[in-house]
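Read-outs throughout are calculated quantities, based only on the coordinates presented, and are distinct from any laboratory measurement. On a predicted model such as this, the values are computed, not experimentally measured, just so you know. Cβ placement follows ideal geometry from the backbone for every residue including glycine, while neighbour counts extend to all protein chains displayed.
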There are 2 protein chains.
Amino acid sequence: MIELIEKHRSFNGFQEIYKHESNSNKCTMQFAVYQPDENIKAPVIYFLSGITCTEQNFVQKSGFQKYASKYKVAVVVPDTSPRGNTIPNDNDVKLGHGAGFYLNATQEPWSFNYNMYDYITKELPQIINGNFKFSNSNVGIFGHSMGGGGAIQCALKNKLYKSVSAFSPICSISQSKFAAKVRINYLDNEQEYINLYDPIYLIEKKERKFSQIKIDVGLEDEYLEDLYINDFEKACQKFNQKLIIGKHKGFDHGYYFIQSFIEDHIKFHISILN
Amino acid sequence: MIELIEKHRSFNGFQEIYKHESNSNKCTMQFAVYQPDENIKAPVIYFLSGITCTEQNFVQKSGFQKYASKYKVAVVVPDTSPRGNTIPNDNDVKLGHGAGFYLNATQEPWSFNYNMYDYITKELPQIINGNFKFSNSNVGIFGHSMGGGGAIQCALKNKLYKSVSAFSPICSISQSKFAAKVRINYLDNEQEYINLYDPIYLIEKKERKFSQIKIDVGLEDEYLEDLYINDFEKACQKFNQKLIIGKHKGFDHGYYFIQSFIEDHIKFHISILN
């Protein structure tokens, strides 16, 4: 059961927001769906957002709807963590609400609710397939920062996704300061579990290859050093994973960067999914 | 003296936010400026936002930067009222902070700070001319809701503006429920002052004509009846002011509507200003 809570005409389609009870996260979750005008068997791209974001940031700030409408692709944007008064949280934005990191926590008290990996890769696709008439085989995934790394790690382990790209992704869960508290609190610093969600490790493990992965990043990104994109690039070179990487002078980490390159990313996915 | 407080690369240009001390409003004000890459003598368009907005809403949500960059036009976005702990306010969003209505208040305690008409039409253009190298003659103005009406009333009285357009404008300050508290509190219900800022009255007064005025509105706009756009249309017909009006099925009052038609508005202004 999903409940429509917002619906707005946007270009030739509708930007919608839904809520539902999540089995994985054991709380009410919200997600956004853009439905283009001709959406039967439309390809679907999932967008995973960064730390602190809800399902709203990307749909309000990226301007993706113009291209989702033009190329007739559905775009699904989940929240970034379980939320609510009863859900464990922390004062640091890098842990708890808004920082689910698209993994399944193994440690209490987080493990009861923080199962974003299952939510993104299993529960949400089932909900989308059960409630919309989009294609269930032409599916891509992309994201930003925490969600850029999340998109890559989800894609490298799940055949559901045929295309993957990222804006300014956190490529090392093992090393990034962004994930320091998450490693300890969600995963008890167990390297075996950390590796499961680490884009660089997964490239080195060669579980799955894509014809190409696309990454864009701003060279004035205030978090550039902590993203480990150069290490990801080296891992891709070493293990023959083709990577199309754009390093853009002057751009920072935020949505003004995303809005400037969102058209390229939608076209990248469509070129593979169509 | 203006102080840069935010600067982000966006497409081929920069989205910037400034603050300064306003003589008109006697408080610190913020405004946004988009500078395209080639901005010497660039045309300038002012965008006036709706009730509750700051200078941030339009720059974060409309996606205008793509077209400002492409057509090499500067876009200036002021806040919608004076703000701060010492500035008179009200619990109703339609009065006080976020609801300056682009007029000069005549009644205390509002009249000391609420002088948005002078701020928009005199002080801010002087600041822009003094601090940037944009054209000081190729100037347009547009806006949304309260700011759509604001853009029209400012344009109809000031030769500074060569082009004017609006999204879902409040066309009757005399009749709209949005302006009910403003009429009483800012203007003591004096019809003479209300008329100064009333788009329909100003069309009927025939002070100034434009080769064309452009308006777009959504037919699912939740405030449609209270905008008095049909009355504005009739006034334009009666007094031979050419109006290009788009009434769009399915669209509502919000930023998803604006983002869907922002390209058309930028092109409209550029076609006149260039």
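So the values come out like this:
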| read-out | value |
| --- | --- |
| Radius ratio Rg over Rh of the stretch B:2-273, counting only Cα atoms, Kirkwood formula for Rh | 0.94 |
| DSSP beta bridge pairing in the protein assembly as shown, given as percent antiparallel to the nearest 5 | 50 |
| Set of lysines near residue A:181 by C-alpha distance (under 23 Å), chain-local residues within fewer than 8 positions excluded | A:26, A:94 |
| Reachable aspartates and glutamates from residue A:19, criterion Cα separation under 14 angstrom, eight or more residues apart if same chain | A:3, A:6, A:55, A:79, A:123 |
| Position residue A:220, label points 7 Å along Cα→Cβ, spacing to each other copy in nm (shortest first, one decimal) | 3.8 |
| Debye intensity ratio I(q)/I(0), log10, the protein assembly as shown, q values 0.12 Å⁻¹ (C-alpha model) | -1.12 |
| Approximate shape of the stretch A:45-145 as ellipsoid semi-axes (Cα gyration tensor, √5λ), whole Å, largest first | 26, 16, 10 |
| Other protein chain Cβ atoms within 10 Å, averaged over every residue that makes up A:52-63 | 2 |
| Nearest-to-axis residue of chain A, judged by beta-carbon position, where the axis maps A onto B, in Å | A:63, 2 |
| Two-decimal Rg to Rh for the stretch B:224-274 - Kirkwood Rh, Cα set | 1.02 |
| Inter-chain Cβ neighbour average for residues A:250-262, partner chain, 10 Å | 5 |
| Ascending list, in nanometres, of distances separating the residue B:93 label from those of the other copies (7 Å, Cα toward Cβ) | 2.4 |
| Alpha carbon convex hull of the stretch B:134-215, projected area averaged over orientations, nm² | 5.6 |
| Exam field: residue B:267 pseudo-label spacings to other copies (7 Å along Cα-Cβ), nanometres | 1.8 |
| Helix runs (DSSP H) in chain B reaching 15 Å along axis by Cα, Kyte-Doolittle at least -1.0 | B:146-157, B:255-273 |
| Semi-axis lengths (Å, descending) of the ellipsoid that matches the C-alpha gyration tensor of the stretch A:163-202 | 19, 12, 7 |
| If the convex hull is drawn through the Cα atoms of the stretch B:188-249, its volume per residue in Å³ | 86 |
| Sum of -39500 (n - 2.57) over DSSP H runs of 4+, divided by residues of the protein assembly as shown (222 nm, nearest 500) | -8000 deg cm²/dmol |
